[in-house]
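Heads up, the thing below is written out as structure tokens.
Please treat every number below as a calculation from the coordinates, not as lab data. No experiment lies behind these values; they were computed from the predicted model shown. For neighbour counting, all protein chains shown are included, and Cβ atoms are generated from backbone atoms with ideal geometry for every residue, glycine included.
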Amino acid sequence: MASPSLSTSTSCSSLVLFSIWACSLMVASAANFNQEFDITWGDGRAKILKDGELLTLSLDKLSGSGFQSRNEYLFGKIDMQIKLVPGNSAGTVTAYYLRSEGSLWDEIDFEFLGNLSGNPYIVHTNIFSQGKGNREQQFYLWFDPTADFHTYTVLWNSQRIILSVDGTPLREFKNMESIGVPYPKNQPMRLQSSLWNADDWATRGGLVKTDWTHAPFTASYRNFNADACIRSSGASSCSSSSSSNDAWLSEELDSTSQERLNWVQKNYMIYNYCTDTNRFPQGLPPECTATNSS
């Protein structure tokens, strides 16, 4: 997908004790990749290993690769541990997202934009509803996402979407249909991921190209877990009266989580569409002026 011209200036502060604590939050249970996912493209570049406990995607000059969930979800709290492409990953994109079918699709994105060795990865996020996106926010991470696995979480219920890393929220997008902002709530979505070449825009707006001498590039996945409503044949696995195990259906940020979100956005956010007046000369989107800029 296309990307606007984004600023990459930030004051990356040093890692603090809080973030060390947050990085220790990991998913305990995990599903089997053989049972939960189909490899969708890549001509053998995607592999399910260790009896379904590990999945890897790879990219070379000929092709990338990808997979998607067999289930469709209509709301859920979905975790995946990912170890991103190490070393010189400039030009590559590892996309991890939920997406529905059709021309008026809904979508919730994590996209990890590779960079030259020693420079931080950029996490590009976006939320589409009824085929309309343009809600990009970008962040640096406060750790090396290539050195080990980290847990990336999408919480999606009828009132809000929260994107988190190791339990620390990066962004919240609230349901603001009351002021005319479309919200993804009617279309079931599959979890998908792909590793592909986007050196026309991914690194410094396309100035840094993919160095194919470092190929194949590889991203790894483990410990997928979905507490979610599975949609099948027009029916949902969730009952109208939710049990205590479905607390995520009404989950919101508590005061501690709100503080963590503020910390991330103060120190690591490098682009926010809700502050880009040059991009929206006729006025910022309505959710931005209604205090939903987080």
Ala198 long-range amide H proximity, modeled H, under 5 Å: Thr92, Val93
Counted charge near Val93, where neighbours are those whose Cβ lies closer than 10 Å (Asp, Glu -1; Lys, Arg +1): -2
D (Stokes-Einstein, µm²/s), Kirkwood Cα radius, the chain, 1.002 mPa s at 20 °C: 110 µm²/s
Inter-label distance for Ala31 and Arg70, nm, one decimal - labels placed 7 Å from Cα along Cα-to-Cβ: 1.0 nm
D_trans [Stokes-Einstein, Kirkwood Rh over alpha-carbon pairs] for the stretch 133-174, 20 °C, 1.002 mPa s, µm² s⁻¹: 184 µm²/s
Surface/4 of the Cα convex hull for the stretch 65-179, nm²: 7.9 nm²
Förster radius 41 Å - calculated FRET efficiency between Asn186 and Ser117 (Cβ-Cβ, nearest 0.05): 0.40
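Pairs to check: Lys50/Lys209; Lys61/Lys83; Lys47/Lys77. Give those whose C-alpha atoms are more than 23 Å from each other in this structure.
Lys50/Lys209; Lys47/Lys77
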Förster radius 25 Å - calculated FRET efficiency between Trp212 and Leu49, Cβ distance, rounded to 0.05: 0.55
Length gained when the stretch Arg204-Asp144 is fully extended (0.36 nm per residue, less Cα-Cα span): 19.7 nm
Fully extended contour minus Cα-Cα distance, from Ser233 to Trp41, at 0.36 nm per residue: 66.6 nm
